[in-house]
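Encoded as structure tokens, the structure appears first; notes follow it.
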Amino acid sequence: MARLLLIVAAGSGSRLGRSMPKALVPLAGRTLLDWALDALAPAAFARTVVAVPAERVPEFAGLVGPRATVVAGGETRSESVRRGVAALSPADADLVCVHDAARPLVTASEAEAVLVSAERTGAAIAATPVVDTIKKVSEQQILSTVDRTDLFAAATPQAFRYETLRRALELGDATDEAALCERIGVPVAIVPVSRLAFKVTTP
């Protein structure tokens, strides 16, 4: 079983108010994509693919260099994942790890914990326990307070045995791959990680 990595970096970054793709936004002198690639490098993936905006493939390829293969992403996250996974050419038993370039602060140990869990269970994701008090709302009025005891915010990396991920991706689009696995009845393990695994979305 090989470990394969897909980094999804096709986001436009419009909510950040930038004219460049989000993955190229600098953080402490390096791009978000650079931080993500380096954070996951200790896992020693057999192959790495980065899915990027279709019109920026040559630019990303120059920046990434020999660290990964760069492919054109799609209009949606799920389409970018489907294209990236196809470029990885996985076998059914391989472990495919999907990570957002916009989550640059995940640690190598957290990523390794997700991979180990997925190797054992077939599907696992990083997630952060919800610490805020959550309200269910309608028309700007609180309907109820939601019990947060068992609530987690999904993060990445998310890792799956390819045979499972392939079937899940055939279902269409979702905001993450775990949601697609849920639809086909596959249990997905949770690996708690630091809140630093947040997704960079706004300035």
Over segment 88-105, the set of residues touching a strand residue (DSSP E or B) at 6+ places or on another chain (Cβ under 8 Å), crowded, with 16+ Cβ neighbours inside 10 Å and within 27 Å of Gly172 (Cβ to Cβ) is Leu88, Pro90, Asp94, Leu95, Val96, Cys97, Val98, His99, Asp100, Ala101, Arg103
Please enumerate the residues belonging to segment 123-168 that are of a type in the set (Lys, Arg) and under 30 Å from Trp35 (Cβ atoms). Arg148, Arg161, Arg166
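Which ranges mark the strands (runs of 3 or more DSSP E) fully within segment 15-114 that have 2 or more residues being over 22 Å from Glu163 (Cβ atoms)?
Details: elements: 47-52, 69-72, 95-100.
By residue number, 47-52, 69-72.
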Can you pull out the residues in segment 185-203 that are farther than 17 Å from Val114 by Cα and at pLDDT 95 or above? Gly185
With (1) free of Cβ contacts under 8 Å to residues at least 12 places away in the same chain; (2) open to solvent by less than 30 Å² (accessible area, probe 1.4 Å) as the list, and Gly29 as the residue in question, which single condition is left unmet? (2)
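The values are calculated or read from the model by the stated rules, or taken from the named source; none is laboratory data. What you see is a predicted model; the values in this text were computed from it and never measured. So basically every Cβ, Gly included, is an ideal-geometry build from the backbone, and we count neighbours across all protein chains shown. Note: areas computed on protein heavy atoms with side chains; ligands, DNA, RNA excluded. Shrake-Rupley method; radii C 1.70, N 1.55, O 1.52, S 1.80 Å.
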